[in-house]
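Right, one structure below, let's go through it.
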Amino acid sequence: MGAEARAPLAVYIHWPFCRSKCPYCDFNSHVREAIDEDRWTRALLADLQSQAALASDREIVSIFFGGGTPSLMPPDTVAALIECVRALWPVAPALEVTLEANPNSAEAERFAGFAAAGVNRLSLGIQALDPVALRFLGRRHNRHEAIAAIALARDTFPRYSFDLIYARPGQSVAAWQDELGEALTLAGTHLSLYQLTIEPGTAFGNRAERGEILTTDEDAAAALFEATQAWLAAAGMPAYEISNHARPGAECRHNLAYWRYEDYLGIGPGAHGRVTRGRGKLATQQRRAPEAWLAAIEETGSAPDETMPIAPETAVEEMLMMGLRLSEGVSRARLEALADRTVEDLFGPALARLVEGGFLTLDDGRLVATAAGRQRLNAVLAALLA
């Protein structure tokens, strides 16, 4: 098979460690007093080499270092992992290599090392520009560090993005407009703007169970969401996904692989993967606990918790759950090929009701959630898949 015919593949690499656990975070992240970085480097390289057999004849279009806090990784580890990917697969000429980072001064000192290692896109976890909000969200950086890290990212990497969290308790539309207006003066070509959600098992989740109010009410959150969409569109950074905004051509290629239901490998503790097998897909998941994952890798060279084919009906659900988050929606041809049925047969009268209600559009090419549909996507999916 010629290189031009190779199917694309994305690679996610998970670094599970953080300096502290944020109260809203339910990711697979852990605080440890000491980390044997050499052991972890060897283990992640072994996992890459083991999983390469799942999708050997492919072209890598993106590498994403997520976590946890990947900016705690030594730049030499990042360089070794990128080099290993390049040795195992051909890579696209415009390979996107993203690393998530915190804006703490100590981690920002590593930015030049990450760029030298091959990272060409930095994603900063700023979360707020307001000092009071930073303390509420449990962030360990301050406003000055946040702004300095954004400036350093701009000067160091070809592309950068940063995250903000809104719909915080008591947050008004006017206050959010001021904060977001400042963010736009600092932004490059991409912003990620997430509504604060309270997840069970987190510190915020435990506080909410005791009756504490930690977010805005639904009406206020809806008003903030609608205002955010309008402001960013007017600024030339429309939403290409519910929470992600970019100038045309600056979308995160790696995250698009998830949302478009393309193939990707998940490397490291708890990481998930999806790889095409014939007309269907194979789901993979790594052992979640870092120490259990590390022990399994060192003993056997791999640490799968689960590797199994995805049933066609589950694959349809996954494609919809991911694809309807995008402003471009889902390819009708791909959806019908996966389901082996027409969209109309697949969803029946529910589809017509959602189209008539202004929550979905359907034409010969795509099934798309409207702005109103994306704002109520859980309800739309429930109705569609009932």
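The values are calculated or read from the model by the stated rules, or taken from the named source; none is laboratory data. Here the structure is a predicted model, which is why all the values come from computation and not from measurement. Positions of Cβ are backbone-derived with ideal geometry, glycine not excepted, and every protein chain shown enters the neighbour counts. The area values use the complete protein model at the heavy-atom level, side chains included, leaving out ligands, DNA and RNA. Shrake-Rupley method; radii C 1.70, N 1.55, O 1.52, S 1.80 Å.
Sub-9 Å Cβ pairs linking a first residue in segment 228-239 that is touching a residue at least 60 places away in the same chain (Cβ under 8 Å) to a second residue that is among the charged types (D, E, K, R) and surrounded by fewer than 18 Cβ atoms within 10 Å (Cβ to Cβ), at least 6 apart or interchain, are P238/R247, ordered by first then second residue.
Looking at A292, is it free of Cβ contacts under 8 Å to residues at least 24 places away in the same chain, open to solvent by 40 Å² or more (accessible area, probe 1.4 Å) and not in a strand (DSSP E or B)?
Numbers: free of Cβ contacts under 8 Å to residues at least 24 places away in the same chain: yes; open to solvent by 40 Å² or more (accessible area, probe 1.4 Å): yes; not in a strand (DSSP E or B): yes.
Against the criterion (free of Cβ contacts under 8 Å to residues at least 24 places away in the same chain, open to solvent by 40 Å² or more (accessible area, probe 1.4 Å) and not in a strand (DSSP E or B)), A292 qualifies.
Taking the conditions (1) outside any loop (DSSP other than H, G, I, E, B); (2) open to solvent by 10 Å² or more (accessible area, probe 1.4 Å) in turn, T215 satisfies each one other than (1).
Among the residues of segment 227-258, those that are open to solvent by 20 Å² or more (accessible area, probe 1.4 Å) and either in a loop (DSSP other than H, G, I, E, B) or basic (K, R) (or both) comprise A235, G236, P238, I242, R247, P248, G249, E251, R253.
Might you check whether a residue that is of a type in the set (F, W, Y) and closer than 19 Å to L137 by Cα occurs anywhere in segment 238-261?
Looking only at segment 238-261, we keep the residues that are of a type in the set (F, W, Y), and these are 240, 258-259, 261.
With closer than 19 Å to L137 by Cα added as a condition, the list becomes none.
Within segment 238-261, none of the residues are of a type in the set (F, W, Y) and closer than 19 Å to L137 by Cα.
Among the residues of segment 30-59, those that are open to solvent by less than 40 Å² (accessible area, probe 1.4 Å) and farther than 25 Å from L282 by Cα comprise W40, T41.
Being under 25 Å from A227 (Cβ atoms), open to solvent by 30 Å² or more (accessible area, probe 1.4 Å), at pLDDT below 95 and aliphatic (A, V, I, L, M) narrows it down to one of A371, A337, so name that one.
Going through A371, A337 in turn, the sole match is A371.
When every residue of segment 166-188 is checked against the conditions, none turns out to be under 25 Å from V97 (Cβ atoms), acidic (D, E), open to solvent by less than 50 Å² (accessible area, probe 1.4 Å) and not in a strand (DSSP E or B).
Remark: pairs (first residue in segment 242-271, without any contact (Cβ under 8 Å) to a residue 60 or more places away in the chain; second residue assigned to a strand (DSSP E or B) and open to solvent by 30 Å² or more (accessible area, probe 1.4 Å); Cβ separation under 6 Å; 6+ apart in sequence or on different chains) = S243/Y194. Look at segment 140-156: where a residue is basic (K, R) and a partner is surrounded by 17 or more Cβ atoms within 10 Å (Cβ to Cβ), sitting 6+ places away or on another chain with Cβ atoms under 7 Å, you get R140/N104; R143/L129; R143/L134; R154/Y160; R154/G188. Inside segment 66-106, can you point out the residues that are surrounded by fewer than 18 Cβ atoms within 10 Å (Cβ to Cβ) and in a loop (DSSP other than H, G, I, E, B)? Answer for segment 66-106, where residues must be surrounded by fewer than 18 Cβ atoms within 10 Å (Cβ to Cβ) and in a loop (DSSP other than H, G, I, E, B): P74, P90. A residue that is modelled with pLDDT of 95 or more, open to solvent by 10 Å² or more (accessible area, probe 1.4 Å), at negative phi and in contact with a strand residue (DSSP E or B) (Cβ under 8 Å, 6 or more places away or on another chain) can be found somewhere in segment 144-156. Put simply, of T300, T314, T342 the only residue that is free of Cβ contacts under 8 Å to residues at least 24 places away in the same chain and either touching a helix residue (DSSP H, G or I) at 6+ places or on another chain (Cβ under 7 Å) or under 19 Å from P238 (Cβ atoms) (or both) is T342.
Of everything in segment 265-282 that's open to solvent by 10 Å² or more (accessible area, probe 1.4 Å) and assigned to a strand (DSSP E or B), which residue is farthest from I60 (Cα to Cα)? Outline the logic, then answer.
Here is the first cut: in segment 265-282, the residues open to solvent by 10 Å² or more (accessible area, probe 1.4 Å) are 270, 272, 274, 276-282.
Add one more test, that the residue is assigned to a strand (DSSP E or B), and what stays is 272, 274, 276-277, 280-282.
Numbers: H272: 17, R274: 14, T276: 15, R277: 17, G280: 20, K281: 18, L282: 18 Å.
Ranking the candidates gives G280 first.
In the set (1) open to solvent by 50 Å² or more (accessible area, probe 1.4 Å); (2) closer than 18 Å to Y240 by Cα, the condition left unmet by D363 is number (2). Just one of the listed residues (E298, E262) is of a type in the set (D, E, K, R), modelled with pLDDT of 95 or more and in a helix (DSSP H, G or I), and it is E298. For V380, the conditions (1) open to solvent by 60 Å² or more (accessible area, probe 1.4 Å); (2) touching a Phe, Trp or Tyr at 6+ places or on another chain (Cβ under 8 Å) are fulfilled apart from (1).
Assess whether T314 counts as being open to solvent by 40 Å² or more (accessible area, probe 1.4 Å), touching a strand residue (DSSP E or B) at 6+ places or on another chain (Cβ under 6 Å) and not in a loop (DSSP other than H, G, I, E, B). Step through it out loud before you land on a result.
Values: open to solvent by 40 Å² or more (accessible area, probe 1.4 Å): yes; touching a strand residue (DSSP E or B) at 6+ places or on another chain (Cβ under 6 Å): no; not in a loop (DSSP other than H, G, I, E, B): yes.
No; evaluated as a whole, the condition is false for this residue.
Residues in segment 20-65 that are among the charged types (D, E, K, R), part of a loop (DSSP other than H, G, I, E, B), in contact with a helix residue (DSSP H, G or I) (Cβ under 9 Å, 6 or more places away or on another chain) and under 29 Å from W259 (Cβ atoms): K21, D26. When P8 is evaluated against the numbered criteria (1) under 21 Å from the mean Cα position of the chain (by Cα); (2) surrounded by 21 or more Cβ atoms within 10 Å (Cβ to Cβ); (3) more than 28 Å from L164 (Cα to Cα), which criterion, by number, is the only one it fails? Of the numbered conditions (1) under 21 Å from the mean Cα position of the chain (by Cα); (2) surrounded by 21 or more Cβ atoms within 10 Å (Cβ to Cβ); (3) more than 28 Å from L164 (Cα to Cα), the odd one out for P8 is (2).
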